[in-house]
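Working notes, structure below.
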Amino acid sequence: MTAAASALELVVVTGLSGAGRSTAAKSLEDLGWFVVDNLPPGLLPTMVDLGQRSQGAVERIAVVADVRSRAFESDLRTALAECAARGVTARVLFLESSDEALVRRFESVRRPHPLQDPGDRLVDGIARERDLLRDLRGEADLVLDTSLLNVHQLRAKVVAAFGANGPGSGVQVTVLSFGYKYGLPVDADLVLDCRFLPNPHWVEELRPQTGQDAPVRDYVLAQAGAAEFLDRGEGLLRLLFEGYAREGKHYALLAVGCTGGKHRSVAVSEQLARRLGPDVDVTVVHRDLGRE
């Protein structure tokens, strides 16, 4: 295998129609990736061959593959296996969104869903596609839920994951605090629950503050079980992330939840990221902070 061939990077952008594949593709193009939109899965190995013969002129290829037939998933699996046989293992970016967000987006452009049969409702096509891609979503390297993201926020996530340097030998970890009352993050790989700790919301002087403020942080971390939770959590996470890296999984989303996503989950997320930070590429996001 040539040096150019071994250096070739391949990303397949797929997922639900209306979830933002075009935005992700444009973001990758802005990062210098060679992007091919709406490529039939069967032509994916051909793109790899062209990249390997480019003598280094094309080193990063991103392919947008969407549902055009009921055989989409099997065709894509076959194509990915053929690429691997050529020495190139693709990373799969899967974009999804809630039914409500997808319906709103399709209705705004007045277009039918690609899997919506005559006489079907829009939600029927969405459900059919979601069922078709269920296994692929489970095997994707990175899943992004775009339900609550605007274009700029989605671009920022793509840039963070596929920026100029690409992933290193380890795992890129996002620690996301959230409030259970606003719903579980559907794209989380792991979920930790902080609701066993006393809630600062019921301490009058702490209520208006957040987990980023020292009084709240100190209160949360001083509670019985907090130190042990962090110690055991850190050990488990390090074990998992090392295994992810060995298996070629480049991204992980760790969700840390409390009732409202304002106090406990924020403080614990910040502390976990601080502990992991020296050895793991960590980004902290507070999904529901300020939402109340």
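The values are calculated or read from the model by the stated rules, or taken from the named source; none is laboratory data. It should be emphasised that the depicted structure is a prediction, and the values quoted were computed from it without experimental measurement. Cβ sites come from the backbone with ideal geometry, for glycine too, and all protein chains shown count toward neighbours.
Here is a check on your reading of the model: is Asp288 touching a residue at least 12 places away in the same chain (Cβ under 8 Å), over 30 Å from Ala90 (Cβ atoms) and of a type in the set (Asp, Glu)?
Criteria met by Asp288.
If the requirement is being among the basic types (Lys, Arg), touching a Gly at 6+ places or on another chain (Cβ under 9 Å) and not assigned by TED's automatic domain parsing to the domain that holds Ala245, which of these qualifies: Arg137, Arg121, Arg130?
None of the other options fit; the residue is Arg137.
Looking at the range 1-68, what helices (runs of 4 or more DSSP H) fall wholly within it and have at least 3 residues that are at pLDDT 90 or above, within 22 Å of the chain's Cα centre (by Cα) and not assigned by TED's automatic domain parsing to the domain that holds Leu93?
none
Pull up the range 140-166, narrow it to residues that are surrounded by 20 or more Cβ atoms within 10 Å (Cβ to Cβ), touching a helix residue (DSSP H, G or I) at 6+ places or on another chain (Cβ under 8 Å) and not β-branched (Val, Ile, Thr), then point me to the one that is modelled with the lowest pLDDT.
Phe162
Would you check which residues across the range 84-141 are β-branched (Val, Ile, Thr) and in a loop (DSSP other than H, G, I, E, B) and list them?
Val88, Thr89
Is there any pair with a first residue in the range 187-199 that is more than 24 Å from Glu139 (Cβ to Cβ) and a second that is part of a loop (DSSP other than H, G, I, E, B) whose Cβ atoms are under 8 Å apart and which are 6 or more apart or on different chains, and what are they?
That search, which allows pairs on different chains as well, returns Arg195/Thr259; Phe196/Gly225; Leu197/Gln223; Leu197/Gly225; Pro198/Gln223; Asn199/Thr259; Asn199/His263.
So if I check each of Ala224, Ala214, Ala255, Ala267, which one is modelled with pLDDT of 95 or more, over 30 Å from Val92 (Cβ atoms), buried (at least 19 other Cβ atoms within 10 Å of the Cβ) and not assigned by TED's automatic domain parsing to the domain that holds Lys157?
Unique residue meeting the criteria: Ala267.
Tell me which residues, restricted to the range 249-265, are within 15 Å of the chain's Cα centre (by Cα) and not in a strand (DSSP E or B).
Answer for the range 249-265, where residues must be within 15 Å of the chain's Cα centre (by Cα) and not in a strand (DSSP E or B): Lys249, His250.
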